[in-house]
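See below for the structure under consideration.
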Amino acid sequence: MAHQSIIILDFGGQYNQLIARRVRECGVYCEVKPYNTPLPELKALKPIGFIFTGGPNSVYDGAAPHVDQAIFSLGVPVLGICYGCQLMAQALGGRVVAAQADTAREYGKTRTYFDTGCKLFQGLPAEGISWMSHGDYMEKIPEGFALAAHSDSCPNVAIADEARGFYGVQYHPEVEHTENGTAMLRNFLYGVCGAVGDWSMGSYKQAAIASLREKIGSGRVLLALSGGVDSSVCAALLAEAVGPQLTCVFVDHGLMRLREGDEVEEAFRPWDIDFVRVDAEERFLNKLAGVTEPEKKRKIIGEEFIRVFEEEAKKIGKVDFLAQGTIYPDVIESGAGDAAVIKSHHNVGGLPDYVDFREIVEPLRLLFKDEVRALGWELGLPDYLVARQPFPGPGLAIRVIGDLTKEKLDLLRAADAIFREEMAKAGEDERLSQYFAVLTNMRSVGVMGDGRTYDYALALRAVTTDDFMTADWARIPYELLDHMSTRIVNEVKGVNRVLYDITSKPPATVEFE
Ligand code: XMP
C-alpha cells in the first residue's frame, strides 16, 4: 500500500504500543519492529523516519540490545526516546553512565525547559511538564549534537543534530502526563521527516479492498463471525471486497445478551454474503450442564465452538481462505509472554487449525482497536456493532457464577438489559469502558409485599480502563444505582438483592470468572 511509513524499533519499553498509536493519530503510518530486525528488511519498507523506543536495559551493559550502526548512514531521521536516546548517543560517540542519586536520575513528572529554536520544539511552549523514567545519564553527548532541553537536575533532557536529523529525548512524549508530547512527535514527523499525513481510514479502506481482491482472486473465504467489533469489521471489509465469495458463520451459543443474536443477524443478513447462523444453544447448555469450575467452562465452550464451526465448514465444502480478525496489539504482544495464565481467553475470532484451507487472511492485522472502529464506521457499520463494549467469547457463561441453566441465563439477560439501558440513558456509556451484570450463585432472604423471598443476589460491575490490563471500578451516582436496583428487583423475578462491585483490577479481574 502506498503510504509513507515510520519504523519504531522496539527495545522492550513499556509504552511502545502507545508510541505507535500516537504516530498514527498524527496521520502517519508506522510499524513496530524488533530492534534486531535485519537492516535490509527495514530499508525495504522505505521508512521516512525511525523512532527508537525506551527499554529496561542500560546501554553500557554488555548484553544490552544494540542497533546495526549502518542505520545512521541511511540519511533517514531518527528520534530516540529514553533508552533509544541513550543508545543513539553512545553509538555516535557519546558516553552514558549510571546517574548518581540526586544528580540526573529522574522519575515521574519533571519541569522541563525547551529550546524552541530546535525543530522538535518549534511552536511549542518553552516550558512544560515531561514524564521521565531513567536511571542513566548522558555524561557526554556525541559530536555534532547540541542540547535542546534541560530540567532543573539534568542538563541534557533532549539532544539534537539538526543537520543529520537525529534527535533524542530522555522523557516519554507518548504518555499522557507529558505536556505537548504528541505535538513534539508531530514536529518530528512533519517538520523533520517530511510526513504528509497520508494515513487515513478512507484511504486504508480502498487500499485494503484492492489488496484483498488481488490476494483472494476467485477463492472462497470463511469467517467465524462473533458479532464483536473485530470480526464484524473484518466481515464488512471482506463483504465489500469479495462479497459473493464470503461465508460468515455465526455460532449462536445461547450465551449472548438479550437480543444480541438477532441483532447480529439483522446487521449481516442484508449484506451480499452467505450468512449462516447456527443455533447451538442446546448443545452448549448440554455440554455445560453441572459444570461450575470457570476454566472448565471456558475450555468446553472453546472446544464446542470449534466443533460446531468445523461441522458448518464441512457443509460449505472447499475453503481457500480462513479469515481472522487479528488486530495489531495481538501481533505486537504475541510471543511476549511467559506471563502467568490468569484466564484462558477464548476468542471466537481465531481458529486456525481445523478446516482444510489454503491460507489465512487477516485484514485488520496492522490496525489498532480505535482504527478498527474508524474503519467500521467508514464501511457503514451501525454504531451498536462498532462502538460496542468488549464482550468475552464465553459470553454470559462466565457471568453466571457456578452452575449454568437456561433459567439463570434468562434472568441475567433481563437484568443486564435493564442495567445497560439505564446506564446508556444516563450517558454513562460514553464515560465507561465496560459494564455488565453478573448473577452470583448466592441466594439470600428478602421481603417483598408481605412475603418472604429467598432469591438471587445480582452484582453490577462497571469499570474504566485504557487497556483492560488494569481497571478501576466506576463511580456511578447513587441515585442512578438506586433507580437501577429498584427496577431490577421489581422487574426481574428471582432477584431480590442488587450489589455493586467496588473492586479494581488488580486484585479482582474485570469478569467474575
Ligand atoms: P479480565 O476478566 O481478564 O478481562 O480482567 C479483561 C477483558 O477481557 C475480556 N475477556 C475476554 N475476552 N475472550 C475474550 O474475547 C475471553 O475469554 C475473555 N475473558 C475476559 C473481558 O470482558 C474484559 O474486557
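Express in nm, to one decimal, how much length is gained between GLU139 and GLU491 on full extension, taking 0.36 nm for each residue of separation and deducting their alpha carbon distance.
The GLU139-GLU491 span can extend by a further 119.8 nm.
At a 1.4 Å probe radius, carbon and sulfur cover how many percent of the accessible area of segment 405-500?
Ligands and nucleic acids excluded, carbon and sulfur reach 51 percent.
Let me see the P(r) profile for segment 5-192: every Cα-Cα distance counted, bins of 5 Å, each bin given as a percent of all pairs.
1, 8, 19, 23, 23, 16, 7, 2, 0
Once you have the Cα-Cα distance between THR509 and MET448, take 0.36 nm times their residue separation minus that, and quote the gain in nm to one decimal.
18.6 nm
With just the Cα atoms defining each centre, how far is segment 203-236 from segment 445-512? Give it in Å.
That distance is 39 Å.
If R0 is 35 Å, what FRET efficiency do you get for ASN36 and SER203 from their C-beta distance, rounded to 0.05?
According to the calculation, E is roughly 0.65.
Given a Förster distance of 56 Å, report the FRET efficiency between GLU282 and TYR113 from their Cβ-Cβ distance, rounded to the nearest 0.05.
Efficiency at R0 = 56 Å is approximately 0.25.
In Å², what does the accessible area per residue of segment 201-386 work out to with a 1.4 Å probe?
45
What residues from segment 426-440 fall in the zone where the backbone N is under 20 Å from a label point 7 Å along the Cα-to-C-beta line of GLU176?
Only 427-435 fall inside the zone, counting backbone N under 20 Å.
If you take the beta carbon distance between LYS299 and GLN14 as r and set R0 to 22 Å, what does 1/(1 + (r/R0)^6) give as a FRET efficiency, to the nearest 0.05?
0.10
About the Cα centre of the chain, what is the dipole size in debye to 20, counting +1 per Lys and Arg Cβ and -1 per Asp and Glu Cβ, all else neutral?
The dipole magnitude comes to about 280 debye.
Just grab the label-to-label distance for ILE129 and SER218, each label 7 Å out from Cα along the Cβ direction, in nm (one decimal).
Reported label-point gap for ILE129 and SER218 is 6.3 nm.
Just give me a number: lysine pairs in segment 201-386, eight or more positions apart or cross-chain, with C-alpha atoms less than 13 Å apart.
Within segment 201-386, the lysine pair count is 6.
Going 7 Å from the Cα of ARG259 in the Cα-to-Cβ direction, what parts of segment 373-409 have a backbone nitrogen less than 17 Å from that spot?
Residues 382-389 fall inside that zone.
Between segment 370-430 and segment 119-190, what is the C-alpha centre distance in whole Å?
Answer, in whole Å: 43.
The values are calculated or read from the model by the stated rules, or taken from the named source; none is laboratory data. What you are looking at is a predicted structure, and each value in this text was computed from that prediction instead of being measured. Here Cβ is always computed from backbone atoms with ideal geometry, including for glycine, and neighbour counts include all displayed protein chains. Surface areas here come from the heavy atoms of the whole protein model, side chains and all, with no ligands, DNA or RNA. Shrake-Rupley method; radii C 1.70, N 1.55, O 1.52, S 1.80 Å.
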